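One structure is given here, and the rest of the page talks about it.
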Amino acid sequence: MQKFDEIVVSDLHLGARNSRGSDFVGFLKQVSTRHLIIAGDLFDSPRLRRLREGDVAVLKALRDLTERCRVTWIRGNHDPEDGWAQAVLGLDVCDEAILHSAQGRYLVTHGDRWDHSMEMPGLVVDAADMIY
């Protein structure tokens, strides 16, 4: 088992057809960490649509992980509102986190706030997302 002080993952997009949740569960079984940072877009839909059995396995693995280490969930543009996040994983959602290493401190954020396409009308963003 590989050990890490902190691990950062993002864009799992649980519920998406091309989500690789089972690979992520396998990854979690191979590593040990004191702090996991989920840097946004844990889900593909803010309404938690299209979740499959494998996606539920990811949620269970993350909930189990919270008993062994600190888990920080950073809000992504596809993630549900705060109340949902608390109910699903028992985690509060934040906008950013600081990662500490021997080389210094690093800001971790999802990054959608710097994506100017997110400022387009909602219908355009939703249509582009469906096409993707």
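Tabulated data for the structure shown
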read-out: Å² of accessible area per residue within the chain, as computed with a 1.4 Å probe and no ligands counted; value: 64 Å²
read-out: Nonlocal amide H pairs with CYS94, under 5 Å, H built at 1.01 Å; value: TRP73, ILE74, ARG75
read-out: Using a Förster distance of 22 Å, the FRET efficiency for ARG68-VAL88 (Cβ separation, nearest 0.05); value: 0.75
read-out: By accessible area with a 1.4 Å probe, ligands and nucleic acids excluded, highest first: order of GLU81, GLU67; value: GLU67, GLU81
read-out: CYS69, CYS94, ranked by accessible area, largest first (probe 1.4 Å); value: CYS94, CYS69
read-out: Most to least accessible of VAL31, VAL88, VAL56 (protein chains only, probe 1.4 Å); value: VAL56, VAL88, VAL31
read-out: Amide proton proximity set for THR33, modelled H, under 5 Å, gap of 5+; value: PHE4
read-out: Unit charges at the beta carbon, dipole of the chain: most positive-side option, ALA87, HIS110, THR33; value: THR33
read-out: Assigned charges on the beta-carbon of Lys, Arg, Asp, Glu; the chain dipole about Cα centre (debye); value: 580 debye
read-out: Global geometry of the chain, whether rounded, prolate or oblate, following the gyration tensor of its Cα atoms and the 1.5 cut on a/c; value: oblate
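The values are calculated or read from the model by the stated rules, or taken from the named source; none is laboratory data. These figures come from a predicted structure and were not determined experimentally. Glycine gets a Cβ as well: all are built from the backbone with ideal geometry, and neighbour counts include every protein chain shown. SASA here: full protein model, heavy atoms, side chains in, ligands and nucleic acids out. Shrake-Rupley method; radii C 1.70, N 1.55, O 1.52, S 1.80 Å.
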